[in-house]
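Below is one structure, written out as structure tokens, with a few remarks after it.
The values are calculated or read from the model by the stated rules, or taken from the named source; none is laboratory data. All of these numbers come straight from a predicted model, not from anything done at the bench. Here the Cβ is made from the backbone with ideal geometry for all residues, glycine too, and neighbour counts use every protein chain on show. Each accessible area value is taken on the protein alone, full model and side chains, heavy atoms only, with ligands, DNA and RNA left out. Shrake-Rupley method; radii C 1.70, N 1.55, O 1.52, S 1.80 Å.
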Amino acid sequence: MNQNDAEFAKKVFDPDYIGALDGVRVLDLSRLVSGNIASMLLGDFGADVIKVEPPEGDPLRAWRDGGESLYWKTYSRNKRSIVLNLRVDAAKAVLLSLVEESEVLIENFKPGTLEEMGLSPEVLLKRNPKLVILRISGFGQDGPYSPLPGFGSLVEAMSGLADRTGFSDREPVLPPFPVADMTAGLYGAMATLLALRSLDHALSAGQVIDLSLLEPLFSLLGPDAAIYNLTGEVKQRVGSASNTTAPRNVYRCLDGKYIALSGSMPSMAERIFQEIGRPDLIDDPRFVDNSARILNRDELDELLGGWFATKSSKEALEKMRAAKATVGPVYDIADVFRDRHFIEREILVSIPDDDLGEIPVANIVPRLSATPGRFSRPAPSLGLHTLDILLEAGLTRAAIDDLIRAGAVKIA
């Protein structure tokens, strides 16, 4: 790292940052995405996140693009890495000693695995009665499906999400990124904060959070269950349209780019009809209210699509925005880099990286006025902090050497 790189790193990373979660230590035993999202969010706001990895590392490190572990670099910022081989009893003893000094433990093993390892919640809570244990699994810790592998793709299918995504004349569509895991990570971070809040107010001692990937994703379907129960209707795939409001779709412009439009309020639909030069549609029985517009959605989309097809995306946006219609361009990731709103609000920021110099990442969210999150450290190399963490736990160097010889720990 040259002097300029060092100055950049010093400007971005603040290892002395004290955030809203200062004093909260998190032991993250999870693998891949869901647990890493939860612990990243906690680490972004000051928690001391210790990533407990097996000797081969978190499998997330193996997700590579351009030869680099960019998922790891993105989701494991603000964490420290320790290598513990939990197949060795001595490593389990180290983990239990760390549990005594921690507030949170995160795991996403297959249900029953923690118990088979001799690290059941009962064992952990006996060592630390105030411990919050976040257990993430595909289908939950009990129920008929609990023993099944719980990858996000299965849950995205079984939750009903895929059945609602795509076009009616084609197969259901699974999302191209880990929506189930990311949603569970968000729920997991929130649940952890609720449990810590309960501790602060003496409403509970330590507790176990049973979080499946399935239930948070199913909750995103909102009133679909109530609608089905009342009407017997199974909502069908409608592409980029909506079962609830019209007009709402993406429309292709003259230059081949797409514009997203939503006219969910009556006044909005009226402004759209005025702008496309069809004020007569306001009183047309086919489009007179939202229910009528949904029934005649195809005709409405054809009319709107014809208007957009004669305009460049720039012209269409300008005209619709001038009419105070709700529209926006359909971006790809390259467009994000050029958009001045993303730039000026620093939605996308660059952080230093030892391998690439710097990498662009989504900035920390949400934005708090008094206790904002910070980048305190980059994603660690495997076992980078093993020695530091063991010394902090009170182990002597001789004891650490014994653990290394036993294959219980690995020093970077």
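Worth a mention:
- Considering segment 255-297, and only residues there that are among the β-branched types (Val, Ile, Thr) and in contact (Cβ under 8 Å) with a residue 24 or more places away in the chain, the residue that is farthest from ALA309 (Cα to Cα) turns out to be ILE294.
- Screening LEU41 on (1) within 29 Å of VAL123 (Cα to Cα); (2) within 18 Å of the chain's Cα centre (by Cα); (3) free of Cβ contacts under 8 Å to residues at least 40 places away in the same chain; (4) open to solvent by 10 Å² or more (accessible area, probe 1.4 Å) shows it passes everything except condition (3).
- Looking at SER204, SER198, SER267, just one residue is assigned to a loop (DSSP other than H, G, I, E, B), surrounded by fewer than 17 Cβ atoms within 10 Å (Cβ to Cβ) and not aliphatic (A, V, I, L, M), and that residue is SER204.
- Residue match in segment 232-245 (condition: assigned to a helix (DSSP H, G or I), open to solvent by less than 60 Å² (accessible area, probe 1.4 Å), in contact with a Lys or Arg (Cβ under 8 Å, 6 or more places away or on another chain) and among the β-branched types (Val, Ile, Thr)): no
Residue by residue, here is whether (1) crowded, with 23+ Cβ neighbours inside 10 Å; (2) not aliphatic (A, V, I, L, M) holds:
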site	(1), (2)
ALA9	no, no
VAL26	yes, no
PRO59	no, yes
ASP65	no, yes
SER69	no, yes
LEU105	yes, no
GLY112	no, yes
GLU116	no, yes
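- Check on ASP58, in contact with a Phe, Trp or Tyr (Cβ under 8 Å, 6 or more places away or on another chain) and more than 13 Å from ILE364 (Cβ to Cβ): yes
- Total residues in segment 180-195, condition open to solvent by 30 Å² or more (accessible area, probe 1.4 Å) and either in contact with a helix residue (DSSP H, G or I) (Cβ under 9 Å, 6 or more places away or on another chain) or under 17 Å from VAL365 (Cβ atoms) (or both): 5
- Scan segment 11-24 for residues that are at positive phi and surrounded by 21 or more Cβ atoms within 10 Å (Cβ to Cβ) and the total you get is 0.
- Residue in segment 218-231 that is farther than 17 Å from ASP301 by Cα, of a type in the set (Asp, Glu) and open to solvent by 50 Å² or more (accessible area, probe 1.4 Å) present: no
- Every pair of residues 6+ apart whose Cβ atoms lie under 6 Å, when the first sits in segment 401-412 and is touching a residue at least 24 places away in the same chain (Cβ under 8 Å) and among the hydrophobic types (A, V, I, L, M, F, W, C) while the second is part of a helix (DSSP H, G or I) and open to solvent by less than 50 Å² (accessible area, probe 1.4 Å): LEU403/ALA90; ALA406/ALA90; ALA408/ALA90; ALA408/ALA91; VAL409/THR386; VAL409/LEU403; ILE411/THR386; ILE411/LEU387
- Residue among ARG164, ARG135 that alone is surrounded by 18 or more Cβ atoms within 10 Å (Cβ to Cβ), in contact (Cβ under 8 Å) with a residue 40 or more places away in the chain and closer than 20 Å to MET40 by Cβ: ARG135
- Any hit, segment 180-189, residues being aromatic (Phe, Trp, Tyr) and either in a helix (DSSP H, G or I) or closer than 28 Å to GLU233 by Cα (or both): yes
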